[in-house]
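In what follows, a structure is listed as C-alpha cells, so that the remarks can point back to it.
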Amino acid sequence: MHEVVVISGKGGAGKTSVTGAFARLAENAILCDLDVDAPDLHLLLAPEVKRTEEFRSGNEAVIDPERCTGCGRCEELCRFEAVRPDGDVFRIDPLHCEGCKVCVALCPAQAIDFPERHCGHWHESETRFGPMVHAQLFPGEENSGRLVTLLKKRAREIAEEEGYDLVLSDGAPGIGCPVISSLAGTDMAVIVTEPTPSGLHDLGRVAELCDRFRTKVTVFINKFDLNPDQTEAIEAYCRERGYAVICRFPHDNAVTEAMVEGRVVNEYGDNAASRLLETAWNDMLNLLPSKK
Amino acid sequence: MIYAIASGKGGTGKTTVTASLAALWGGPVTAVDLDVEEPNLHLFLKPEGLAGEPAWIEVPVADEAKCTRCRACSDICQFKAISVMGDYLLTFPEMCHGCGGCLEVCPEGALTPGKRELGEILMGKAGNADFLMGRLRIGEAMSPPLMRQVMARMPESMRKNDVLIDAPPGVSCPAVSAVMHADCVVLVTEPTPFGLHDFKLAWEAFSPMGKPMGAVINRAGVGDDGVQRFCRDKNIPIWAEIPFDRAVAQAYSRGEVPGVAVAALRETFAALKDRMTRAAREASHA
C-alpha cells in the first residue's frame with residue numbers, strides 16, 4: 001500500500017481541485033481529507049456519511065468561582081495569558097488555554113477543573129470515487145495534528161481490511177503541526193504551486209520539510225501560463241533539487257465552474273484538461289517507490 | 001487600531017489586500033506578517049534593512065544526577081515531552097509547549113530552563129510603512145508561540161501606528177491567535193463554493209469575539225453568488241469587491257503590489273480603508 005498527500009505550503013494553490021481530479025483517476029484508493037481545519041474536498045465528492053465519531057483530545061482548565069479564593073497563583077503561573085481577573089476571582093479564556101494543567105495542579109484551593117475537550121467530529125463515508133475519511137475541527141480548536149494522525153490511521157486500517165492499495169490525501173496549507181503529521185509514513189507529497197513569488201517561496205519551505213521527513217517530492221504547477229518566467233524559475237528550482245514536475249496545468253475557468261456544480265474538473269472540463277491530469281496521475285504513480 | 005486581514009480558505013488574497021492597504025495607507029502604518037509558516041508579505045512590500053533575531057521557547061534540560069525518578073514532571077506534562085522510562089529520564093524538546101509545569105513541580109531542582117528555536121523575528125521599513133514579520137523554523141510544529149512573540153516584541157514606535165496584520169489561513173489556533181490581537185477583522189474570501197464554506201467557518205470562529213468585521217470579496221465575477229447571499233443573511237458588510245482581472249493576477253505573479261500596479265484598484269482600496277477604519281472607530285466609541 002502507498003500513501004500520497006497533496007500539499008502546497010501556500011493556501012489556495014489548488015490542492016483540493018487536484019486531489020479531486022486524482023480521486024476520479026484512482027482505481028483502488030481510499031480518500032482522506034487531512035485539512036481538518038478548513039476541509040473542502042467533501043464539496044467535490046459529496047460523501048454519504050456512514051459513521052460519525054466525536055473527536056476528543058486534550059483538556060481545558062475551568063475555574064470554579066465558588067471554590068476560587070482569588071489568590072492569583074494561576075495568573076502568575078500561566079504562560080499563555082489565559083487567566084483573566086473576573087471580579088474578586090479569576091476565569092480562564094478558553095481560546096488562550098493551552099491545556100497544560102499547570103494551574104490545575106498548583107492551585108492552592110484546588111478550584112480548577114480539567115474537563116476533556118471536545119474538539120470536533122470525524123466521519124467515514126462513501127463517495128462516487130471510493131471510501132473517504134474526513135473530519136471537521138470546531139472553529140478555534142487545537143490538536144489538529146492529533147486529528148490528522150487519527151484520520152491517517154483509520155484510512156490505513158480500512159485500506160488494509162478492504163484491500164485498497166493507495167491512501168490519497170488532501171493536506172493542509174502551511175508547514176506546521178497538521179502538515180508535519182500528514183507527512184508521517186507518507187511515500188510521496190504532490191506539491192501544488194503557482195508561478196508567483198509566493199508560490200515559489202512556499203514550495204521551497206514545504207519541500208524542505210518533506211526532505212527532512214524523507215518524503216519524495218513531486219511538483220504540480222497550476223496556472224503555469226499566468227507568468228512563464230516564474231514557471232521557468234520553479235522548473236529550474238525543481239531541476240536543481242531533483243523534484244519531478246508532473247504537470248503544467250493552465251489557468252482554466254472550468255476548474256471553478258466544475259466546483260460550482262460539485263464536480264471535479266476531469267468530469268466536467270474539456271478533453272485537453274482531462275488528458276493533462278491523466279498524464280500527471282500516471283507519471284506520479286510511476287514515481288512511487290516500489291514496495292517489497 | 002489593529003486590523004487583522006484573515007480568511008478561512010488560503011489563497012483568497014490576504015497578502016494582496018494587506019500589501020495594497022499598507023502601500024496606500026497614507027498615515028503612519030505598521031505591516032505585520034503573522035503567517036509565520038508561509039510568510040509572503042515581504043515578497044511584495046520588499047522591506048529595506050530587513051534584519052532580525054531568533055525567537056525561542058523554554059524547554060526543560062534534565063540533570064540525571066539530581067533526578068530521583070519521582071515522576072512529578074511526567075505526571076504534570078500533558079504533551080509527552082518528558083518521561084521516566086525505567087532508570088532513565090527522557091526529554092522530547094520538540095513536543096514541549098513551554099508551559100513550565102515540569103520546572104515548577106520538580107522537587108529536586110533536577111530541571112533547568114533550556115531553549116528550542118521557534119524561528120526568527122525580522123523588522124524593516126517598506127516605503128513609509130514599518131514592517132515586522134515572523135518566520136517559523138522549518139520542522140517546527142508550533143506557530144502560535146512565535147506569533148505571540150512577534151506581537152509582544154513589536155516596538156513602541158510601531159505600536160503607535162495603525163497596525164495591519166496579515167493572518168495565517170484557516171480558523172484553528174494559529175488563525176485565532178492572530179485575530180485575537182485585533183480591534184477589527186477584514187475577512188477576505190472568493191465567490192466560490194470553497195470560498196463560501198471556509199468563509200462560514202471563519203465567521204463562526206471569529207464572530208463570538210465581538211469585533212467589528214467586514215468582508216472583501218476577491219475575484220468577484222467568478223463562481224456564484226453564495227458569499228454575497230451569506231453576507232446579506234448574516235448582516236456582514238461587504239467592504240470591497242475586487243473584480244476578477246487577469247491584470248491583477250499578473251501583477252501579483254510579478255511580485256508587484258496589486259493596489260499600486262493596477263490603477264483601477266486604488267479607489268477600491270481607499271474605500272476599503274475608509275470603511276474598516278470607520279467600523280473600528282465606531283466600535284471603540286460604543
Could you work out [θ]222 nm for chain B from helices alone, using -39500 (n - 2.57) per DSSP H run of at least four and dividing by all its residues? Round to the nearest 500 deg cm²/dmol. -10000 deg cm²/dmol
Using a Debye calculation, one point per C-alpha and no hydration shell, please list log10 I(q)/I(0) for the protein assembly as shown at q = 0.08, 0.10, 0.11 Å⁻¹ in order. -0.54, -0.86, -1.04
Mind checking how much accessible area A and B bury in total, 1.4 Å probe, in Å² rounded to 100? 4900
Rounded to the nearest 500, what is chain A's calculated 222 nm mean residue ellipticity when only DSSP H runs of at least 4 contribute -39500 (n - 2.57) each, over all residues? -11000 deg cm²/dmol
Calculated P(r) of chain A - Cα pairs past 26 Å, %: 50
Rounded to the nearest 5, what % of DSSP beta bridges with both residues in the protein assembly as shown are antiparallel? 45
With the alpha-carbon atoms as the only input, what is the per residue convex hull volume for segment A:61-114 in Å³? 63
Within the set B:I138, B:I236, B:I217, GNM on chain B using Cα springs under 10 Å gives the largest fluctuation to B:I138
I need the peptides B:80-87, B:40-47, B:114-121, A:166-173 ranked by packing, meaning the mean over residues of other C-beta atoms within 10 angstrom, with the highest value on top. A:166-173, B:40-47, B:114-121, B:80-87
Beyond 14 Å, what percent of the Cα pairs of segment B:100-169 remain? 69
Please express the Cα-Cα pair-distance distribution P(r) of segment B:221-286 as a list of whole percents, one per 5 Å bin, running from 0 to the bin with the greatest distance. 3, 15, 18, 19, 20, 15, 8, 3, 0
I'd like the Karplus ³J(HN,Hα) series for segment B:182-190: coefficients 6.51, -1.76, 1.60, θ = phi - 60°, whole numbers in Hz, and an x wherever there's a Gly or Pro. 8, 8, 7, 10, 10, 9, 9, 9, 10
Counting only the backbone N, which residues of segment A:99-121 are under 19 Å from the spot 7 Å out from the Cα of B:E58 toward its beta-carbon? A:99-108
Mean Cβ-within-10 Å packing, highest first, puts peptides A:115-122, B:5-12, B:142-149 in the order B:5-12, B:142-149, A:115-122
Report, as an integer, the average count of C-beta atoms from other chains found within 10 Å of each Cβ along A:30-36. 1
Each residue of segment B:278-283 in turn: what ³J(HN,Hα) in whole Hz from Karplus with 6.51, -1.76, 1.60 and θ = phi - 60°, glycine and Pro shown as x? 5, 4, 5, 5, 4, 5
Solvent-free Debye scattering, log10 I(q)/I(0), computed from the Cα coordinates of segment B:1-77 at q = 0.11, 0.16 Å⁻¹: -0.52, -0.72
What three numbers, in Å, describe the spread of the alpha carbons of segment B:57-117 along their principal axes, ordered from the longest? 28, 18, 16
FRET efficiency estimate (nearest 0.05) - Cβ-Cβ, A:R67 to A:E157, R0 56 angstrom: 0.80
With a 1.4 Å probe and all protein chains left in place, how much accessible area per residue does the protein assembly as shown have, in Å²? 40
Candidates per GluC sites (Glu not before Pro) in segment A:1-104, loop by DSSP, up to 10 other Cβ within 10 Å: A:E27, A:E66
Give me D for segment B:1-138 in µm² s⁻¹, whole number, from Stokes-Einstein with Rh from the Kirkwood sum over alpha-carbon pairs, 4 °C and 1.567 mPa s. 73
Between B:F79, B:F244, B:F131, where does the largest GNM mean-square fluctuation fall for chain B, given springs only between Cα atoms within less than 10 Å? B:F79
Could you please state, rounded to a whole Å, how far the C-alpha centre of segment B:42-76 is from the C-alpha centre of segment A:73-104? 21
So what are the three principal axis dimensions of segment B:137-202 from its Cα atoms, in whole Å, longest to shortest? 41, 32, 16
5 angstrom amide H check on A:L166, placed H, neighbours 5+ away: A:H2, A:I30
Principal axes of segment B:164-286: Cα extent on each, largest first, Å: 38, 31, 28
Whole Å is fine, so just give me how far the alpha carbon centre of segment A:201-277 lies from that of segment A:108-166. 28
Dividing the Cα radius of gyration by the Kirkwood radius, what Rg/Rh value follows for segment A:99-181? 1.13
Jot down the radius of gyration and Dmax of segment A:48-150, Cα atoms only, both in angstrom. 17.8, 59
What FRET efficiency would be calculated for the residue pair B:A270, A:L288, taking the C-beta separation as r and a Förster radius of 45 Å, to the nearest 0.05? 0.30
Mind checking the dipole of chain A: about its Cα centre, +1 per Lys or Arg Cβ, -1 per Asp or Glu Cβ, Debye to the nearest 20? 760
Taking amide H positions as placed 1.01 Å from N in the peptide plane, with prolines and chain starts having none, which residues 5 or more places from A:V245, or on another chain, fall under 5 Å of its amide H? A:V219
Evaluate peptide A:11-18: per residue, the Cβ atoms of other protein chains within 10 Å of its Cβ; return the mean as an integer. 4
Values of log10 I(q)/I(0), in the order q = 0.07, 0.09, 0.14 Å⁻¹, for chain B under a Debye, Cα-only, solvent-free model: -0.32, -0.49, -0.96
Could you work out, residue by residue across B:1-10, how many beta carbons of other chains sit within 10 Å of that residue's beta carbon, and then give the average as an integer? 3
Distance in nm between pseudo-label sites at B:M95 and B:F230 (7 Å out along the Cβ direction from Cα): 3.8
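The values are calculated or read from the model by the stated rules, or taken from the named source; none is laboratory data. These figures come from a predicted structure and were not determined experimentally. Because the Cβ atoms are built from the backbone with ideal geometry, glycine has one as well, and the counts that use them run over all protein chains shown. The area values use the complete protein model at the heavy-atom level, side chains included, leaving out ligands, DNA and RNA. Shrake-Rupley method; radii C 1.70, N 1.55, O 1.52, S 1.80 Å.
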